[in-house]
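For reference, the structure discussed in these notes is given below.
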Amino acid sequence: MSEVDKSRLIELLEYPRQRILQSMELNQCPHAGFFNQTDMQCINCHQGMECTWMNHNDENIAVEQKTMEDLRQQLLFAVDFIDSSLTPHHLSRRHCECENCLWLRKVQTALNIPARNVS
């Protein structure tokens, strides 16, 4: 992949950042969403994966220094997160125009992966 492709992958991280932050319950978090790998409360928290992802892909992180493979892996996690939040009426994503499905199609195209659940 070229640098243009890398910048596209970085751009694609923006949407899942918003969605993951919206889904997180940070009112009771003693670390304000910053994952602490030595704190048992963080280790046992149901939002551990989301916090870890955000801490590795936040807009304050230098994602442009990540390797292409790291960016790809982070986007694949985000695809799983977005995909898991979809309701059953998204069975025909080829025709769905919601933000989630549009973003999923963009990532699938950028990463050259086959579309899921497309009828």
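Every read-out reported here was derived from the displayed coordinates using simple, explicitly stated rules and does not represent laboratory data. Just so we're clear, the structure is a prediction, and the values are computed from it rather than from any experiment.
With the chain treated as a Gaussian network of Cα nodes joined by springs under 10 Å, which of 56, 31, 89 yields the largest mean-square fluctuation?
Maximum fluctuation in the GNM of the chain, among the listed residues, is at 89.
Mean-square fluctuation check for the chain, GNM, Cα pairs under 10 Å: which of 30, 16, 88 is largest?
It is 88.
Quote to one decimal, in nm, the extra length available between residue 27 and residue 81 on full extension: 0.36 nm per residue of separation minus the C-alpha distance between them.
Numbers: separation 54, 0.36 × 54 = 19.44 nm, distance 2.12 nm.
Gain in length upon complete extension: 17.3 nm.
In degrees between 0 and 90, to the nearest 10, how far off the longest principal axis of the chain does helix 14-23 point, with axes built from Cα atoms?
On a 0 to 90 degree scale, this one is about 50.
Viscosity 0.692 mPa s, temperature 37 °C: what is the translational diffusion coefficient of segment 3-111 from Stokes-Einstein with a Kirkwood Rh over Cα pairs, rounded to a whole number of µm²/s? Let's see the in-between values first.
Values: Rh = 15.0 Å.
The estimated diffusion coefficient comes to 220 µm²/s.
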